[in-house]
Amino acid sequence: MSDPSRLKLLRVVLVLLGIVCLAIYPLMQVWPSGWVWHEGYSDYPMMIVGIYATLGVFLILAARDPLAHRSLIWFFVWSSVVHGGIMAVQALSHAEHMGHLWGDVPALFLAAIVLAVLMPRPARM
């Protein structure tokens, strides 16, 4: 894939991932077994919603000039891998959380992989 088309696709993916981050709360409402980790009342889900909504806005803004926002994009990649890994271990350790292995866990890994693949590599000398 050529660099201009790769950069264009990266911009599209950043906007789409930003929208998904902004949609975490509706996903929690529609598919709780795949997106919510607490039953009953908890402050935790709204903290996650706040963090991901903020990240979503910044991913959308980064789509304008992805190369100027490399650190944000790589933060998203690596924090998604770490977050997904921790959640996978927790889901495997607790039967009531197995639905996450079909919801937010693969979503985090997929997002990280797609962004990592699309990120331009530094020119080699």
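Output the number of residues of the stretch 3-21 satisfying the condition of being surrounded by 17 or more Cβ atoms within 10 Å (Cβ to Cβ) and under 14 Å from TYR52 (Cβ atoms).
Counting residues in the stretch 3-21 that are surrounded by 17 or more Cβ atoms within 10 Å (Cβ to Cβ) and under 14 Å from TYR52 (Cβ atoms) gives 3.
Identify the residue in the stretch 62-72 that is in contact (Cβ under 8 Å) with a residue 40 or more places away in the chain and in contact with a helix residue (DSSP H, G or I) (Cβ under 6 Å, 6 or more places away or on another chain) and, among all such residues, is farthest from PRO32 (Cα to Cα).
PRO66
Taking ARG70 as the residue in question, decide whether it is assigned to a loop (DSSP other than H, G, I, E, B) and either surrounded by 14 or more Cβ atoms within 10 Å (Cβ to Cβ) or not β-branched (Val, Ile, Thr) (or both). Explain how you work it out, then say what you get.
Working: assigned to a loop (DSSP other than H, G, I, E, B): no; either surrounded by 14 or more Cβ atoms within 10 Å (Cβ to Cβ) or not β-branched (Val, Ile, Thr) (or both): yes.
So ARG70 does not fit the description; no.
Kindly indicate whether LEU59 is in contact with a Phe, Trp or Tyr (Cβ under 8 Å, 6 or more places away or on another chain), assigned to a helix (DSSP H, G or I), free of Cβ contacts under 8 Å to residues at least 60 places away in the same chain and at negative phi.
Values: in contact with a Phe, Trp or Tyr (Cβ under 8 Å, 6 or more places away or on another chain): yes; assigned to a helix (DSSP H, G or I): yes; free of Cβ contacts under 8 Å to residues at least 60 places away in the same chain: yes; at negative phi: yes.
In short, yes.
Take the residues in the stretch 75-113 that are of a type in the set (Phe, Trp, Tyr) and in contact with a helix residue (DSSP H, G or I) (Cβ under 8 Å, 6 or more places away or on another chain); name whichever of them is farthest from LEU59 (Cα to Cα).
To start, the set of residues in the stretch 75-113 that are of a type in the set (Phe, Trp, Tyr) comprises 75-76, 78, 102, 109.
Still in the list and also in contact with a helix residue (DSSP H, G or I) (Cβ under 8 Å, 6 or more places away or on another chain): 76, 78, 102, 109.
Working: PHE76: 9, TRP78: 14, TRP102: 24, PHE109: 17 Å.
Going through the qualifying residues, I end up with TRP102.
Can you pull out the residues in the stretch 73-104 that are free of Cβ contacts under 8 Å to residues at least 12 places away in the same chain and among the aromatic types (Phe, Trp, Tyr)?
PHE75
What are the residues in the stretch 75-102 that are crowded, with 19+ Cβ neighbours inside 10 Å and of a type in the set (Gly, Ala, Ser), if any?
SER80, GLY84, ALA91, listed by residue number.
Bear in mind these aren't lab numbers, they're just calculated from the coordinates by the rules spelled out. Please read all numbers here as calculations on a predicted model, not as lab measurements. Cβ sites come from the backbone with ideal geometry, for glycine too, and all protein chains shown count toward neighbours.
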